[in-house]
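The values are calculated or read from the model by the stated rules, or taken from the named source; none is laboratory data. In this text, all values refer to a predicted model and were calculated from it rather than measured experimentally. Ideal geometry is used to build each Cβ from the backbone, glycine not excepted, and the neighbour counts take in all protein chains shown. For the accessible areas, the whole protein counts, side chains as well, though only heavy atoms, and no ligand, DNA or RNA atoms are used. Shrake-Rupley method; radii C 1.70, N 1.55, O 1.52, S 1.80 Å.
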Amino acid sequence: MSVSKYLKILQRQHHNQDETENSLTELRWGVLHSPCPLELRGWVWKVLLRLCDSVSASCYIKLVERGPSPMDTKIRNDTFRTMTTDEYFLEQVSEDMLIRVLNAFVWISQQDSRAQDTSEELQLRSSLQQKSSAELTYVQGMNVLAAPFLMVLPEMEAFFAFSTFLWQWCPLYVHPNLNGVHCGLKLVDMCLRALDPELYGYLLGKGLTANMYAFPSVLTFSACTPPVTEVLRLWDIMFAFGFHLNILYIVAQLQLARNDIFNSPSPMKILRKLPPLKAHAIIELAVTSCKELPSKLYENLVRHLYDERVTVELGVTSAPVNNQHQSNRYYRR
């Protein structure tokens, strides 16, 4: 789809909800079939997040003016190593930008900071938390999740998009016990078993489950694997059709590396450092996989980002968050 066709959809005036939904559907299919133009990507993401009327510069400035949040030390321990080998990222995003956005997120998310809220901040807090009653704060890996937003949007808009994304699209992924991530790991194994039982059986025979190799890829929605230009394309599709697709992206990466895995005397070396992303091939496999999964498995795949009942249905028990052997690998070089 050409830039002009994207603009035609984005600039279209709507008179009722049906017209809006029809345009969103047209935009989603356009994103699937042709790469999102670089100059329009931020606009497209905001529309798909339904963010267009929820941005306030004064609100963000007030949050930044509060200064370091109670999680500032932990944030700074992570931000300096965010995508440090990707020049495209480093040219556009500074560590200070990440620090400001992440501290502002903590301030707007913590219940005990309500007393300082302005009317705009109270309105934002209410808007963000309408779909989740849990209290969110900074968890390790959130720095990598913020990075794509800062690459495609101005800092202030990136903050609102990032906050809306975490609170309304995948709150269980950044809940302190990471329930959504642990469900995601279980779903990687379940989807691989359904889609490629031979590869699943081979890895299981080597004692390799998703818990051992897929934690960073699940937690960061594949943003831990370079190059970031391919990450952005994968995220285009997930904004259009849902971030549950990341589980199928991971399975697709395994399938693309299938021959290397079978031929390697040590498959874990490949799994620990997956090959550079090839977004087009990954998307094709993931879209095809959607049609091949059992309906109940696909339903759990969709719901696991936000519905705590999936944790019970999958029999997932949260593991300790501070896994050092995993926590420092949020960007594979």
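Please verify whether V31 is surrounded by 15 or more Cβ atoms within 10 Å (Cβ to Cβ), over 30 Å from S126 (Cα atoms), of a type outside the set (D, E, K, R) and modelled with pLDDT of 95 or more, treating the condition exactly as stated.
Judged against the criteria, V31 is a match.
How many residues, within segment 35-55, are part of a loop (DSSP other than H, G, I, E, B) and surrounded by 13 or more Cβ atoms within 10 Å (Cβ to Cβ)?
The qualifying residues number 6.
Would you mind finding the one in V316, V310 that is surrounded by 17 or more Cβ atoms within 10 Å (Cβ to Cβ), within 17 Å of G184 (Cα to Cα) and at pLDDT 95 or above?
Every option except V310 fails the conditions.
Restricting the first residue to segment 110-133 and requiring it to be in a helix (DSSP H, G or I), which pairs with a second residue that is β-branched (V, I, T) and at pLDDT 80 or above meet a Cβ separation below 9 Å and a spacing of at least six or different chains?
Listed by first residue and then by second, the contacts come to S113/V106; E121/I108; L124/I108; R125/I108; S127/T164; L128/I108; L128/T164.
So, in segment 104-113, exactly how many residues are among the small types (G, A, S) and crowded, with 21+ Cβ neighbours inside 10 Å?
Looking only at segment 104-113, we keep the residues that are among the small types (G, A, S), and these are 104, 109, 113.
If we keep only those that are crowded, with 21+ Cβ neighbours inside 10 Å too, we end up with 104, 109.
Of the residues in that region, 2 qualify.
Just checking, does segment 25-43 include any residue being closer than 16 Å to F159 by Cα, among the hydrophobic types (A, V, I, L, M, F, W, C) and under 21 Å from the mean Cα position of the chain (by Cα)?
yes
Show me the helices (runs of 4 or more DSSP H) entirely contained within segment 177-285 in which 3 or more residues are buried (at least 16 other Cβ atoms within 10 Å of the Cβ).
Per the criteria, 179-195, 197-205, 210-213, 215-219, 228-241, 245-256, 267-272.
State the number of residues belonging to segment 237-284 that are of a type in the set (S, T, N, Q) and in contact with a Phe, Trp or Tyr (Cβ under 6 Å, 6 or more places away or on another chain).
Matching residues across segment 237-284 total 1.
Just to be sure I understand, how many residues within segment 128-149 are open to solvent by 10 Å² or more (accessible area, probe 1.4 Å) and closer than 28 Å to E39 by Cβ?
0
Kindly check whether there is at least one residue in segment 9-28 that is out of contact with any Cys (no Cβ under 8 Å at 6 or more places or on another chain), among the small types (G, A, S) and either open to solvent by 60 Å² or more (accessible area, probe 1.4 Å) or not in a helix (DSSP H, G or I) (or both). Before you say what the answer is, go through the steps one by one.
Going residue by residue through segment 9-28, those that are out of contact with any Cys (no Cβ under 8 Å at 6 or more places or on another chain) are 9-28.
Remaining after also requiring among the small types (G, A, S): 23.
If we keep only those that are either open to solvent by 60 Å² or more (accessible area, probe 1.4 Å) or not in a helix (DSSP H, G or I) (or both) as well, we get none.
Scanning segment 9-28 turns up no residue that is out of contact with any Cys (no Cβ under 8 Å at 6 or more places or on another chain), among the small types (G, A, S) and either open to solvent by 60 Å² or more (accessible area, probe 1.4 Å) or not in a helix (DSSP H, G or I) (or both).
Sort out which residues of segment 153-169 are surrounded by fewer than 19 Cβ atoms within 10 Å (Cβ to Cβ) and in a loop (DSSP other than H, G, I, E, B), and write them in order of number.
Correct list: P154 only.
Between a first residue in segment 1-12 that is within 14 Å of K46 (Cβ to Cβ) and without any contact (Cβ under 8 Å) to a residue 24 or more places away in the chain and a second residue that is surrounded by 13 or more Cβ atoms within 10 Å (Cβ to Cβ) and not hydrophobic (A, V, I, L, M, F, W, C), which pairs have beta carbons less than 8 Å apart while being 6 or more apart in sequence or on different chains?
Matching pairs, first to second residue: I9/S23; I9/E26; I9/G30.
Tell me which residues, restricted to segment 56-103, are open to solvent by 80 Å² or more (accessible area, probe 1.4 Å), outside any helix (DSSP H, G or I) and under 22 Å from E121 (Cα atoms).
Selection gives P68, P70.
Residues of segment 188-231 being among the charged types (D, E, K, R) and touching a helix residue (DSSP H, G or I) at 6+ places or on another chain (Cβ under 7 Å), which ones?
Result: D189, R193, D196, K206, E230.
Taking the conditions exactly as written (in contact with a Leu (Cβ under 9 Å, 6 or more places away or on another chain) and without any contact (Cβ under 8 Å) to a residue 40 or more places away in the chain), does D72 satisfy them or not?
On the way: in contact with a Leu (Cβ under 9 Å, 6 or more places away or on another chain): yes; without any contact (Cβ under 8 Å) to a residue 40 or more places away in the chain: yes.
Against the criterion (in contact with a Leu (Cβ under 9 Å, 6 or more places away or on another chain) and without any contact (Cβ under 8 Å) to a residue 40 or more places away in the chain), D72 qualifies.
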